[in-house]
Amino acid sequence: TYATHSRYTDSNGNTRTQTHYHRNPGGCDGPGGNRGRKTNAPVRLGQSGTDGTFTIRIGERLGPYQNRYDLRLGGFELASRHPLVLPNAFEFGARVACTNIQVTNAGGMPTPSRQRAVVAIRDRTDVYIEPDRELSSFTRRYMPLTEGQGATTDGDLGFDVRMPSIRDMREDIDPFEHVATLHLEATQLGPENGVAGGATVFQRKYEHFQESDEGVQLTFGFPVANTTGLCGMNTLGLGETGLISFQVSNTSPRALGGKEGRQVGVQIYRDLKPEYESAKDAFSYMDSDKQQVDIEADINSLYRGHTEFFDSLAPKSTMTTQRYIQITNGAKAYSRIGFQAEILLQNIASADMGDPEFSVVQRRHLEIVTEPAFVLNDKSSIVLVTSRATTEAQYDAWSELFSRMHVEWGCYPVSRYGSLSPEFIFKDGYSLKRAFSGKLVVVLNDAFPSVGESKEGHTIKPVDLLQNGCMAQASGFDSSTRWLIVNTSKEEEEVLLDPTIQSTESVLAMEQFDSISEYKAYVTEQIEETNPDFTLNLQCFCIPKNTQFKALEKKGQDLCKWLNKMEPLRQHRVHIWADPTDKSRRGLAVRHGYSRNHNTCVVINTSRVNKSMCLAAAEAMSPECLVRCFAAVIKNGKEGFVMEALKDAATTGFLWGVANLVDSNDEDLGSPMLEAWHDDSEIKAMVTERKSGTPHKDLLDIGARLACIADSNDLRLRAPFSARHKIRKKLVTSVDRLLHNWGIKGRLLKEAKKALNSEVRKYITLTRGKNRVRAHQRWRKGLFFLCSHNNQEKYGSSDLHYKISSVRLMNLIGRTATKAESMRFSKPMSMMMTPKEFQSRQEKAAQKRAEAVLVSEKVEQSKSNYLVKDWELL
């Protein structure tokens, strides 16, 4: 819309203006124009303007200033009447003063002339620092600090070091020290105008008053300390006397005790924890004059047991208290006696008081276990290896089990003697090898503290002291020694199975062969001439023509397969070895390992003494010992689950013997379990006594089991001249002769065999879903299950136990052990080891040997220091 104007003259001759309004809506927009070209000119920053300025002015005359005033801590001094030796170290309970506090103005303008700043100890700076809030330190009024100027504040600060509650800590603690950090802070005050104590309306904290956020490091401690613990024998036998020793050292620069110093005392009392109550009457506590002293404690009193104060304790000196502990002859094995020692120190606040007050400043603890001494008894069948970790309940449970099995047994406390080496010699002159010969050694493999260590200290397990394992070929013990390792782990089983790892020198000292073929010829000759399943203990080092690593690895694997074929019941170890002094000298080191036919160890993964443990003990026995135990239980009155465990162990033992015969195809190998039943005189005498009557029920049950195993279906249907046919014929003949001698035959035997077969087939049907035509091939495995720990209906436990080199072998070569339909539950172990693996095993073995030697040395040293041998002569 727009307007136009025109002029005209009217009839009167006057000029007038006329406005005309127009409206034009316009047409459509035209097309857009072309876009312009992009510029290539570089873009640059423009020139910076001049910096702005910030200044502070006070009124018209003061200023300008670049920044405000800012106080910083220049330093201060700490002073106390009770310092310790180290710098900035003070006693608990001491009063510490902060003096000569220096402050500096690090700002750009003077501090206010009429306003002060106050310096204080920061709140909650440390749990043991208790500031004195009545003390304050101020800058001076009317003395402003210019830029960079320093001054000393008026007034000192102070704090008290709180006393810790030592009795609320552990029963055994090292000298207690606490490292604290002291922080000071400053606050600018406003005009005080008569306000007391600086409580002005305006207040501002100086954020960077103390340059370092770490503050000043302080150390709090006590002037007396015990660094060696309450020393004494950790184990004592019945009637034995031991010395206990407790040292107290003055670590301060001032004398303690006497007329002028603070009093220091030591009190020793019996620990009142429940686990020590059963042995409260099992010992006598005596002073140096052999006079008995009462050390029973009043738990609600500061003073407990027997308290002794020192006359004087010079700076940097040590005093020792020595007393005697005698175990009574009526003490129970593996009862525990706890002794608590405490250092008493007179409080600083009561130093000038007539009636001094004391505080406990350190505690030490000693636990003595009453362990029986080992007594050599050729009539005993079992040796129980115990340690400090064995409890009274464990010991009683094993004693009850052996009593129910009617076997004589002895106890060998390994923590008392410090060794499980076969060369260990008792004071009577016989060796541990001699002591364990012909016995079942039950090792309670619970970790126990090393000598001189507290319960929380370094621990060791009994199997760690078996430097060469427990298999007869490498252990050094007699071949008649059997082992039951209680409460093991997979890693420990590997150590038990592992033959002695050879050092570099011993590898070079092995019998050497110039080629693998030469070595194979030698092994073949040995197998043909001797019985290799037990007598051969061969270590060799053979050098193939191609010594490249890949080629050696392939040749080693082929050699493992060949050895498995030649000696199917034996484990073999093959590793690539390289001379560290000559890298080009490489070859295969071979060790012939353990035979499944001569297994001397059973392991179980629990420590509970129950039916399953009874079965494990029976399985670990030698066949001769098991048969004697069987006869003793019948003669003295059978114990239900004990008899079942003995029969089941005899059954699985015979099953393994048959499996070894079948897998080796060697009918001359023999069955030790079957031979033991033939040779036992007590069984023969028992049969003679019942000649006129029916055979004993349990003897009939054993006879039926032996007969069924010897004539099991999977041993039949073979060519008449095959090895398996000969094995079956030999077993059946031997069992028939045994049953004839026992007077078991006819209807009774037939019914017993029928009942056993029915039970096994019932299990096979239950587990397989139906009684298949070829189920008879699994008959021996079914019987093995029913007579093993897997039968939870009978043994009520899922505890796993097995013969260590037979049933469950460790997977050390990356493949699992195979299980076949026959009794070959697992292949004998054959493995390849790389040089790195071999070196690692060498290092672990060396560490283990060193640790075992150290334990033995510590035990002997402890006996030398603390065992009183001639008490009556003192």
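The values are calculated or read from the model by the stated rules, or taken from the named source; none is laboratory data. Only a predicted model underlies this, so the values are computations on that prediction, with no experimental measurement involved. FYI the Cβ positions are ideal-geometry reconstructions off the backbone, even for glycines, and counts take in every protein chain you see. What goes into the accessible areas is simple: the full protein's heavy atoms, side chains included, and nothing from ligands, DNA or RNA. Shrake-Rupley method; radii C 1.70, N 1.55, O 1.52, S 1.80 Å.
Below are the figures for this structure:
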quantity: Test result for N329, in contact (Cβ under 8 Å) with a residue 60 or more places away in the chain, open to solvent by 30 Å² or more (accessible area, probe 1.4 Å) and part of a loop (DSSP other than H, G, I, E, B); calculated: yes
quantity: Single unsatisfied condition, T606 versus (1) outside any helix (DSSP H, G or I); (2) crowded, with 21+ Cβ neighbours inside 10 Å; calculated: (2)
quantity: Whichever residue in region 738-754 is touching a residue at least 40 places away in the same chain (Cβ under 8 Å) and not β-branched (V, I, T) and, among such residues, is farthest from G670 (Cα to Cα); calculated: L748
quantity: Residue under evaluation A616, criteria (1) surrounded by fewer than 21 Cβ atoms within 10 Å (Cβ to Cβ); (2) touching a Leu at 6+ places or on another chain (Cβ under 7 Å); (3) within 19 Å of N791 (Cβ to Cβ), criterion not met; calculated: (1)
quantity: Test for Y430: is it hydroxyl-bearing (S, T, Y), open to solvent by 20 Å² or more (accessible area, probe 1.4 Å) and more than 25 Å from the chain's Cα centre (by Cα); calculated: yes
quantity: Output for region 544-557, where each listed residue is at pLDDT 75 or above and within 22 Å of I527 (Cβ to Cβ); calculated: K555, G556, Q557
quantity: Sole exception among (1) among the β-branched types (V, I, T); (2) over 30 Å from Q362 (Cα atoms); (3) open to solvent by less than 20 Å² (accessible area, probe 1.4 Å) for I129, by number; calculated: (2)
quantity: Selected residue (only one of Q340, Q394 is among the polar types (S, T, N, Q), surrounded by 16 or more Cβ atoms within 10 Å (Cβ to Cβ) and in a strand (DSSP E or B)); calculated: Q340
quantity: Filter pass, S48 being at pLDDT 85 or above and over 30 Å from H183 (Cβ atoms); calculated: yes
quantity: Residues of region 229-278 satisfying the condition of being modelled with pLDDT under 90 and among the basic types (K, R); calculated: R254, K259, R262
quantity: Single unsatisfied condition, F202 versus (1) open to solvent by 80 Å² or more (accessible area, probe 1.4 Å); (2) modelled with pLDDT of 90 or more; (3) in contact with a strand residue (DSSP E or B) (Cβ under 9 Å, 6 or more places away or on another chain); calculated: (2)
quantity: Selection within region 151-168 - surrounded by fewer than 17 Cβ atoms within 10 Å (Cβ to Cβ), over 30 Å from E342 (Cβ atoms) and not small (G, A, S); calculated: T152, D154
quantity: Filtered residues of region 647-661 (kept if at pLDDT 90 or above and touching a Cys at 6+ places or on another chain (Cβ under 6 Å)); calculated: D648, T651
quantity: Residue that is open to solvent by less than 20 Å² (accessible area, probe 1.4 Å) and modelled with pLDDT under 80, where the choices are I727, I764; calculated: I764
quantity: Restricting region 127-183 to residues that are within 25 Å of A349 (Cβ to Cβ), of a type in the set (A, V, I, L, M, F, W, C) and not in a strand (DSSP E or B), the residue that is modelled with the lowest pLDDT; calculated: L135
quantity: Residue within region 194-202 that is over 33 Å from the mean Cα position of the chain (by Cα), among the polar types (S, T, N, Q) and part of a loop (DSSP other than H, G, I, E, B) present; calculated: yes
quantity: Where D446 falls short, out of the listed (1) farther than 29 Å from V627 by Cα; (2) in contact with a strand residue (DSSP E or B) (Cβ under 8 Å, 6 or more places away or on another chain); (3) of a type in the set (D, E); calculated: (2)
quantity: Residue within region 418-426 that is at pLDDT 90 or above, under 27 Å from A631 (Cα atoms) and open to solvent by 40 Å² or more (accessible area, probe 1.4 Å) present; calculated: no
quantity: Single condition A351 does not satisfy, out of (1) within 26 Å of the chain's Cα centre (by Cα); (2) at pLDDT below 90; (3) among the aliphatic types (A, V, I, L, M); calculated: (1)
quantity: Lone unmet requirement of (1) open to solvent by 40 Å² or more (accessible area, probe 1.4 Å); (2) under 58 Å from the mean Cα position of the chain (by Cα); (3) of a type in the set (A, V, I, L, M, F, W, C) for M143; calculated: (2)
quantity: Elements of type strands (runs of 3 or more DSSP E) contained in region 1-112, each with 2 or more residues being over 60 Å from the mean Cα position of the chain (by Cα) and among the basic types (K, R); calculated: none
quantity: Which listed residue is modelled with pLDDT of 75 or more and within 29 Å of C601 (Cβ to Cβ), from C540, C560; calculated: C560
quantity: Region 237-274, residues that are hydrophobic (A, V, I, L, M, F, W, C) and either assigned to a strand (DSSP E or B) or more than 22 Å from R81 (Cβ to Cβ) (or both); calculated: L238, L243, I244, F246, V248, L256, V264, V266, I268, L272
quantity: Close pairs (7 angstrom Cβ cut-off, 6 or more residues apart or separate chains): within 13 Å of K259 (Cα to Cα) in region 301-320, in a strand (DSSP E or B) and open to solvent by 30 Å² or more (accessible area, probe 1.4 Å) anywhere; calculated: F310/M319; L313/M319
quantity: Criterion (in contact with a strand residue (DSSP E or B) (Cβ under 9 Å, 6 or more places away or on another chain) and over 19 Å from I129 (Cα atoms)) met by exactly one of N88, N105; calculated: N105
quantity: Evaluation of Y430 against (1) among the hydroxyl-bearing types (S, T, Y); (2) at pLDDT 75 or above; (3) touching a strand residue (DSSP E or B) at 6+ places or on another chain (Cβ under 8 Å) (one fails), failing number; calculated: (3)
quantity: In region 205-226, the residues that are surrounded by fewer than 16 Cβ atoms within 10 Å (Cβ to Cβ) and within 19 Å of G93 (Cα to Cα); calculated: Q217, T219
quantity: Pair list, Cβ under 8 Å, 6 or more apart: region 123-150 residue within 15 Å of E192 (Cβ to Cβ) and among the charged types (D, E, K, R), other residue part of a loop (DSSP other than H, G, I, E, B) and open to solvent by 60 Å² or more (accessible area, probe 1.4 Å); calculated: R141/R114
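Condition check ((1) outside any loop (DSSP other than H, G, I, E, B); (2) touching a Ser or Thr at 6+ places or on another chain (Cβ under 8 Å); (3) within 17 Å of S284 (Cα to Cα)) across all residues:
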residue	(1), (2), (3)
Y324	yes, yes, yes
A333	no, yes, yes
L345	yes, yes, no
V361	yes, no, no
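Residue-wise test of (1) under 36 Å from the mean Cα position of the chain (by Cα); (2) more than 30 Å from W398 (Cα to Cα); (3) buried (at least 20 other Cβ atoms within 10 Å of the Cβ).
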| residue | (1), (2), (3) |
| --- | --- |
| I325 | yes, no, yes |
| L344 | yes, yes, yes |
| D355 | no, yes, no |
| L366 | yes, no, yes |
